[in-house]
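Right, one structure below, let's go through it.
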Amino acid sequence: MGRMPNDHDPSEGISARLGSFSADSSDPPGLNDYDSFAEGYAASNETGFVHAYYERPAMLALAGDVAGRRILDAGCGSGPLVAALRDRGAIVTGFDKSAGMLEVARRRLGDDADLRVADLAGPLPFPDGTFDDVTASLVLHYLEDWGPALAGLRRVLKPGGRLIASVNHPFAENLWHRGARLKPDYLATYNYTVEWTAGGQSAVLRFWARPLHAMTDAFTAAGFRIAVISEPPVAPDIPRELLPPSVADRQWIPGFLFFVLHAS
Ligand SMILES: C[S@@+](CC[C@H](N)C(=O)[O-])C[C@H]1O[C@@H](n2cnc3c(N)ncnc32)[C@H](O)[C@@H]1O
């Protein structure tokens with residue numbers, strides 16, 4: 001048992017307990033049930049260190065000036081990134097596999113928000129070449145095979161459009177699993193389960209870990225050119241009371257890895 005190093009701090013109401021490892025691809029029912037977890041996750045995501053002062057500011061900084069751009073937010077969850085991009089003048093569509101998460105998103109964004117239930121692993125309900133950018137915050141690592149998902153995202157992007165993505169950092173995952181004495185094989189693609197509790201609600205989530213080269217190979221195989229690989233710092237405006245001791249002590253290891261990819 002263990003926790004991701006330095007990322008999910010109990011002070012924001014999220015805790016994670018590491019479960020089993022497997023290379024099994026079957027998708028047992030009851031896993032990744034964000035519907036049962038939506039309210040708790042959304043509340044923690046809104047204001048907690050990891051999302052509000054690390055992941056989301058990093059995605060927005062990588063996106064830069066988005067005024068007037070048509071953006072698809074893949075795995076948009078409860079919609080915090082959709083809201084932030086919209087506030088910056090983008091025209092944003094979001095999709096997520098979880099109807100429960102989209103219900104929370106709709107409350108936040110209003111009835112006229114363009115939100116769809118769709119599976120990143122399946123065909124996407126958008127015409128070719130629709131979007132200037134796709135954002136994919138913390139969603140790709142739910143998939144074993146990134147090939148079909150990346151091909152789908154590439155298809156809906158305009159030529160030269162960008163995919164901006166954040167995923168679990170493979171080195172941080174490996175350290176975490178080593179710390180839990182699970183002897184992870186860094187070069188393997190394997191899944192692991194985590195029991196998450198957020199805002200008093202729990203869910204068992206299953207993530208797929210893979211080495212860095214498997215990520216970059218998947219991006220290039222899908223027709224993307226890698227423009228940026230980033231390990232951004234915590235946002236400087238983080239309130240002192242939310243600052244994890246590891247960040248203050250300069251012992252923090254980034255939990256996520258960020259990419260900007262161009263549809264070539
Ligand atoms: C960690 S949350 C991140 C939500 C949002 N991107 C954010 O940063 O606030 C992961 C989201 O991915 C969604 N998700 C997981 N697998 C998915 C899939 N195959 N297709 C679409 N959405 C998926 C979940 O329902 C959940 O809302």
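Throughout, read-outs are computed from the coordinates displayed, never taken from laboratory work. Note that the coordinates shown come from a computational prediction; the quantities given were computed from them, not determined experimentally. Neighbour counts are summed over all protein chains in view; Cβ atoms, including those assigned to glycine, are modelled from backbone coordinates with ideal geometry.
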| For region 8-263, what is the Kirkwood hydrodynamic radius in Å, using each pair of distinct C-alpha atoms? | 18.6
| remark: The set of residues whose placed amide H lies less than 5 Å from the amide H of residue 32, leaving out same-chain residues fewer than 5 positions away, is 204, 205, 206
| note | CD proxy, 222 nm, the chain: helix-only mean residue ellipticity via -39,500 (n - 2.57) per DSSP H run with n ≥ 4, per residue, nearest 500, stands at -7500 deg cm²/dmol
| Each residue of region 120-129 in turn: what ³J(HN,Hα) in whole Hz from Karplus with 6.51, -1.76, 1.60 and θ = phi - 60°, glycine and Pro shown as x? | 4, 7, x, x, 8, x, 9, x, 4, x
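To check you understand DSSP bridge types, tell me what percent of the beta bridges within the chain (both residues inside) are antiparallel, rounded to 5. Mind dumping the intermediate values first?
Details: 29 of 48 bridges.
Of all bridge pairs located within the chain, approximately 60 percent are antiparallel.
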| note | Longest the chain segment clear of trypsin sites (Lys or Arg not before Pro) sitting in DSSP loops (not H, G, I, E or B) with at most 13 other Cβ atoms within 10 Å runs 1-180
| task | Please report 177, 51 as a ranked list, fewest other C-beta atoms within 10 angstrom at the top and most at the bottom. | result | 177, 51
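About its Cα centre, how strong a charge dipole does region 8-263 have in debye, to the nearest 20, once Lys and Arg get +1 and Asp and Glu get -1 at the Cβ? Provide the component values of the computation, followed by the final result.
Numbers: 23 positive and 31 negative charges, 104 e Å.
The dipole of region 8-263 has a size of about 500 debye.
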| field | Footprinting exposure proxy for 22, 202, 137 (fewest neighbouring C-beta atoms within 10 Å first) | value | 22, 202, 137
| request: Specify the residue with the greatest mean-square fluctuation among 127, 170, 28, computed from a Gaussian network of the chain linking alpha-carbon atoms under 10 Å apart. | output: 28
| field | Residue-count net charge about residue 66 - beta-carbon cut-off 13 Å; Lys, Arg +1, Asp, Glu -1 | value | 0
